[in-house]
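Okay, structure first, notes after.
The values are calculated or read from the model by the stated rules, or taken from the named source; none is laboratory data. Note that the structure is predicted; figures quoted are calculated from it, not measured. With ideal geometry, Cβ positions are generated from the backbone for all residues, glycine too; neighbour counts draw on all protein chains shown.
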Amino acid sequence: MKDFPRKNLRTFGFFSHGGAGKTSVGEAALFLSGANTRLGKVMDETSMLDYEPEEKKRKSSIAAATGNFEWNKHQLFMIDTPGDPNFITEARNSLRAVDGGVFFVDAVDGVKILTTKLWAEAAELGMVRAFFVSRMDKERADFATAVENIEKALEVTVCPISIPIGKEASFKGVVDLIKMKAYIYPEDGSGKKQEQDIPADMKDEAKKYREKMIESVAESKDDLLEKYLEGKELSAEEISSALTAGVKAQKVFPLFAGSGTKNAGVDLMLDLIVNSFPNPLERVPVKGTNTKTKSEVEVKPDANGPFCAFVFKTVADPFRGKLSLARVFSGSQPADSSTYNANKGSRERIGQMFFLNGDQSETINPARAGDIVAIPKLKETQSGDTLCVENTPVVLPPIVWLKPVISFAVVPKTQQDEEKLTVSLARLSEEDPTLQVKHDHQTNEILLSGMGQIHIETALERMKRKFGVEVILKEPKIPYMETVRGTASAEGKYRKQTGGRGQFGWCWLEVSPKPKGAGVEFEDAIVGGAIPRNFIPSVEKGVKDALEKGLLAGFPVTDIKVKLYDGKYHEVDSSDMAFQIAGSLGVKAAADAAGLILLEPIMNVEVTVPDQYTGDITGDLNRRRGRLAGVESTGSLQVIKAQVPMSEMLRYAPDLDSITSGRGVFTMEFSHYEEIPPHISEKIVAAAKKAKEEK
Ligand SMILES: Nc1nc2c(ncn2[C@@H]2O[C@H](COP(=O)(O)OP(=O)(O)OP(=O)(O)O)[C@@H](O)[C@H]2O)c(=O)[nH]1
Ligand SMILES: [Mg+2]
């Protein structure tokens with residue numbers, strides 16, 4: 001790559017829900033610019049951006065990929081992000097690395113929730129934004145409906161710059177509304193367009209959209225608006241300069257039409273990025289905190305300022321080791337040097353640095369403001385950390401990781417797999433902290449939690465490919481608990497006389513319920529030495545072991561108080577073991593008398609869907625024994641909040657998908673334990689009994 005002045009740099013990302021055509025347009029850009037010698041295709045597994053084997057297999061992106069190419073004497077850093085909710089973290093974090101965003105809308109499907117969420121996050125970051133209405137050649141593609149849909153769903157007015165000529169199989173090209181010219185793109189995907197006059201049957205439509213464009217552009221420029229209202233013609237230059245000002249002020253949102261696979265209309269969008277997106281020194285300053293003075297600071301985009309870069313992604317590469325992807329916001333950093341991680345408070349050694357084009361790398365030195373670079377082998381740095389100069393230590397806002405919504409138990413396939421499993425899972429979760437690993441002591445399972453089943457499955461495929469570790473995926477056991485309903489007392493008596501020395505332990509216990517979440521309490525209320533001091537811990541151990549193993553269906557007993565208030569002993573035959581057994585028998589008898597019940601984990605669930613699905617969702621949550629906590633609306637979306645038992649939510653993701661045709665998303669986290677209704681509890685107890693007998 002040539003050495004470009006900073007003002008000739010642009011960074012941007014592609015964002016939207018899955019399948020809207022981002023990667024395909026990214027491939028068209030790489031091909032048009034000469035960064036790729038052919039037009040890569042997602043479907044043929046020839047995409048440079050979807051290069052990971054798991055992406056090729058699924059024919060969709062699972063990770064953010066960078067492209068780095070030249071366009072009109074400018075250097076463009078492009079990030080193509082995945083749109084599947086399973087990998088939404090990759091898109092959210094990429095928002096932090098770019099100065100502009102192109103939001104993709106499928107001409108067939110319109111805007112989906114994920115796009116709405118990313119749009120809102122981009123707005124909060126003060127990012128300039130544009131739209132690309134893609135897949136114009138698909139059956140049922142409809143440009144006018146897509147535009148209407150965008151304006152309603154995102155509550156914006158768009159500024160159309162190009163509109164399609166024809167649609168579905170007869171889609172041929174686009175009309176450039178600034179120059180008022182038609183461009184016809186050849187079928188071969190070369191992108192070598194032919195300029196023509198606007199077809200006669202499209203003149204009215206082009207005029208209508210041009211008016212919409214001028215109204216949008218002129219809105220923020222009074223003199224232009226006046227001239228337009230007086231009916232005077234505006235020149236292409238006047239429109240372009242107002243457009244650029246409006247885009248940079250985040251008041252104008254240009255919109256393009258086209259197709260990635262046909263390589264049509266993509267060049268116009270790249271022209272706009274070069275002409276109207278800010279260069280890295282013009283972007284809004286990023287806010288951070290100086291860790292020395294604890295004061296808020298602004299990191300100005302200054303090429304000569306102190307070095308400051310944000311790590312937005314980490315890749316565990318089996319060959320290159322760990323790669324940290326960072327966006328430089330200020331200053332520069334040479335290779336073979338050291339930098340400072342302000343989050344960890346430690347120095348990091350930097351060897352080489354790279355630009356990435358798909359999985360191809362190009363060494364660069366130094367890294368400068370605006371660059372998106374890959375840095376290998378940083379020791380302590382994680383995604384979300386800030387690299388900077390030690391005497392001006394700045395921490396940029398860390399990444400707010402989404403909480404996982406689904407858990408599976410993983411079982412190593414072989415002994416060899418078992419040995420490498422913990423380390424490999426740790427590396428996966430370093431790469432992607434929305435994957436969480438937990439050892440559940442109660443069920444003795446290794447739990448892997450993530451954003452969805454596909455998220456977990458692809459992570460495990462990656463683990464197999466990168467580290468050679470294989471596992472079997474199982475639904476996790478629900479961590480039920482047991483407790484007592486009332487207060488009751490009973491004796492626990494253990495006596496054995498088998499010639500010689502016997503066994504003797506005798507205790508009286510009272511059990512009573514404790515408040516939710518209080519756990520287990522053991523009280524020693526023995527007076528007058530009914531049981532000698534040294535045997536009281538034995539009773540306690542017997543009681544606690546029995547509670548841990550469960551008294552009803554093999555689940556730990558909680559929220560219970562056990563009081564030891566009387567007992568008997570024998571000078572010769574009493575022993576630690578005898579009192580442990582007495583304790584366990586006593587607590588079982590007392591708990592039986594007090595009434596044992598099963599508790600189940602209840603989750604806080606939040607489902608976000610377009611209006612029309614609200615009824616279906618609340619009905620479905622009802623059937624899952626959910627309790628509705630409220631419905632809030634934000635724009636055209638409804639957020640439904642409910643508390644639902646965990647056992648009813650294990651397979652929620654695919655069900656939500658089928659109810660809403662993929663237009664719903666949800667989050668879920670643990671809330672509290674609650675008593676299970678008797679008819680369900682009976683089944684769990686019977687199953688536990690059966691399992692015990694079979695053992
Ligand atoms: N006919 C037609 N198909 C397209 C077009 N763009 C993309 N496709 C197809 O639509 C599917 C999705 O396209 P992608 O480019 O992978 O979409 P994406 O937005 O990157 O999807 P994710 O990576 O899952 O977020 C693929 O099968 C493409 O071949 C287009 O303009 N016309
Ligand atoms: Mg993609």
Subject >> the stretch 52-86, subset in a strand (DSSP E or B) and of a type in the set (Gly, Ala, Ser), residue nearest to Asp3 (Cα to Cα) >> reply: Gly67
Subject >> Criterion (among the aliphatic types (A, V, I, L, M), over 25 Å from Arg462 (Cα atoms) and more than 26 Å from the chain's Cα centre (by Cα)) met by exactly one of Ala309, Ala303 >> reply: Ala303
Original post:
Of all residues in the stretch 52-73, which are among the polar types (S, T, N, Q) and more than 12 Å from ligand 2 (Cβ to nearest atom)?
Top reply: Thr66, Asn68, Asn72
Original post:
For the stretch 154-195, which fully contained strands (runs of 3 or more DSSP E) count at least 1 residues that are charged (D, E, K, R)?
Top reply: 173-176, 181-184
Original post:
Name the residues in the stretch 28-37 that are in contact with a strand residue (DSSP E or B) (Cβ under 9 Å, 6 or more places away or on another chain) and more than 13 Å from ligand 1 (Cβ to nearest atom), would you?
Top reply: Leu32, Ser33, Gly34, Ala35, Asn36
**OP:** Working carefully through the options Asp524, Asp573, find the one that is surrounded by fewer than 18 Cβ atoms within 10 Å (Cβ to Cβ) and touching a residue at least 60 places away in the same chain (Cβ under 8 Å).
**Re:** Asp573
Subject >> the stretch 6-27: number of residues that are near ligand 1 (Cβ under 9 Å from one of its atoms) and more than 26 Å from Arg663 (Cβ to Cβ) >> reply: 1
Original post:
under 22 Å from the mean Cα position of the chain (by Cα), within 11 Å of ligand 1 (Cβ to nearest atom), within 21 Å of Arg462 (Cα to Cα) and crowded, with 24+ Cβ neighbours inside 10 Å - does that describe any residue in the stretch 48-56?
Top reply: yes
Subject >> Among the candidates Leu118, Leu49, residue that is within 16 Å of ligand 2 (Cβ to nearest atom) and either among the acidic types (Asp, Glu) or part of a helix (DSSP H, G or I) (or both) >> reply: Leu118
**OP:** Given the conditions (1) away from ligand 2 (no atom under 13 Å from the Cβ); (2) part of a loop (DSSP other than H, G, I, E, B); (3) surrounded by fewer than 18 Cβ atoms within 10 Å (Cβ to Cβ), report the number of the one that Ala35 does not fulfil.
**Re:** (3)
Original post:
Is it the case that the stretch 53-61 has a residue that's at pLDDT below 95 and under 22 Å from Leu95 (Cα atoms)?
Top reply: yes
**OP:** Report the residue count in the stretch 1-32 for those that are in contact (Cβ under 8 Å) with a residue 24 or more places away in the chain and either of a type in the set (Gly, Ala, Ser) or assigned to a loop (DSSP other than H, G, I, E, B) (or both).
**Re:** 14
Original post:
Out of (1) crowded, with 20+ Cβ neighbours inside 10 Å; (2) under 30 Å from Arg462 (Cβ atoms), the odd one out for Gly331 is which?
Top reply: (2)
**OP:** Answer yes or no: is there a residue in the stretch 103-122 that is more than 12 Å from the chain's Cα centre (by Cα), without any contact (Cβ under 8 Å) to a residue 12 or more places away in the chain and surrounded by fewer than 21 Cβ atoms within 10 Å (Cβ to Cβ).
**Re:** yes
**OP:** Kindly establish whether Val410 is touching a Leu at 6+ places or on another chain (Cβ under 7 Å) and either more than 30 Å from Ser338 (Cβ to Cβ) or in contact (Cβ under 8 Å) with a residue 60 or more places away in the chain (or both).
**Re:** yes
**OP:** Answer yes or no: is there a residue in the stretch 230-248 that is within 40 Å of the chain's Cα centre (by Cα), surrounded by 20 or more Cβ atoms within 10 Å (Cβ to Cβ), part of a loop (DSSP other than H, G, I, E, B) and in contact (Cβ under 8 Å) with a residue 40 or more places away in the chain.
**Re:** no
Original post:
Would the stretch 208-223 turn up any residue that is more than 18 Å from Val158 (Cα to Cα) and either modelled with pLDDT under 95 or within 16 Å of ligand 1 (Cβ to nearest atom) (or both)?
Top reply: yes
**OP:** Among the strands (runs of 3 or more DSSP E) lying completely within the stretch 288-348, list those that include at least 3 residues that are out of contact with any Gly (no Cβ under 8 Å at 6 or more places or on another chain).
**Re:** 308-317, 321-330, 337-341
Subject >> Considering residues of the stretch 89-101 that are part of a helix (DSSP H, G or I), more than 10 Å from ligand 1 (Cβ to nearest atom) and aliphatic (A, V, I, L, M) only, the residue nearest to Arg129 (Cα to Cα) >> reply: Leu95
**OP:** Only residues that are within 16 Å of ligand 2 (Cβ to nearest atom) and either more than 10 Å from Asp80 (Cβ to Cβ) or among the polar types (S, T, N, Q) (or both): list them for the stretch 1-32, please.
**Re:** Phe12, Ser16, His17, Gly18, Gly19, Ala20, Gly21, Thr23, Ser24, Ala28, Phe31
Subject >> Of residues in the stretch 438-467 being farther than 11 Å from Phe408 by Cβ and of a type in the set (Val, Ile, Thr), the one modelled with the lowest pLDDT >> reply: Thr443
Original post:
In the stretch 487-531, which strands (runs of 3 or more DSSP E) lie fully inside it and hold 2 or more residues that are more than 11 Å from Val562 (Cβ to Cβ)?
Top reply: 488-496, 503-513
Original post:
Mind checking which residues of the stretch 317-343 are over 23 Å from Pro285 (Cα atoms) and of a type in the set (Ser, Thr, Tyr)?
Top reply: Ser337, Ser338
Subject >> Odd one out for Val42, checked against (1) under 23 Å from Ile454 (Cβ atoms); (2) more than 9 Å from ligand 1 (Cβ to nearest atom); (3) touching a residue at least 12 places away in the same chain (Cβ under 8 Å) >> reply: (2)
